[in-house]
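The values are calculated or read from the model by the stated rules, or taken from the named source; none is laboratory data. Note that the structure is a prediction, hence the values are computed from the model and not measured. Don't worry about glycine lacking a Cβ; one is built from the backbone with ideal geometry, like all the others, and counts go over all protein chains shown.
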Amino acid sequence: MCLSSVMVLILPSAIAICRSLACFTHMSIRNSNRQVFNQHRRVYLGRVRLSRPSEPAHCCCMPTVKTDIQVTVNFFSFFKDLAGCAATPHSVPSGTTVSGLMTSIITRFPKLEPMKKSMLIAVGVEYQDRSYVLNDGDEVSLFPPVQGG
């Protein structure tokens, strides 16, 4: 194996490590802010979690390429009937808020339009307002208004 072959194998890993250390340093300077810490979820304890070995590390310190994220939308109660299914995978651009997702869902399932202002929305296991920014793999649950008696 020649030197150039070794450099091709080592250099991308070294660049990813340098970027992750720079990002980790940036994070540790501002770690008192929980929101900043959550933006750096890919970097933890000085290690980089990569989905593919050749993927560069990204955080708010470096420019990133906008890509689509995949979320799962779950419908409950009579929303299942209006949508015609109990759950559906949905692709939205990275950085989309719950409000943007709802616009897309109502375009896809127009029978939900009359309920758009009164539906309850949860991401994961917590109710979220419409300004919440979605992450890849989030489960969004749509509930009709709560009734009781």
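Beta carbons closer than 6 Å, at least 6 apart along the sequence or on distinct chains, pair a first residue in segment 119-148 that is farther than 18 Å from G100 by Cβ with a second that is part of a loop (DSSP other than H, G, I, E, B) and among the small types (G, A, S) for P144/S77; P145/S118.
Would you confirm, using the coordinates I've provided, whether N33 is within 20 Å of D138 (Cα to Cα), loosely packed, with under 11 Cβ neighbours inside 10 Å, modelled with pLDDT under 55 and not assigned by TED's automatic domain parsing to the domain that holds G137? Taking the combined requirement at face value, the residue does not satisfy it.
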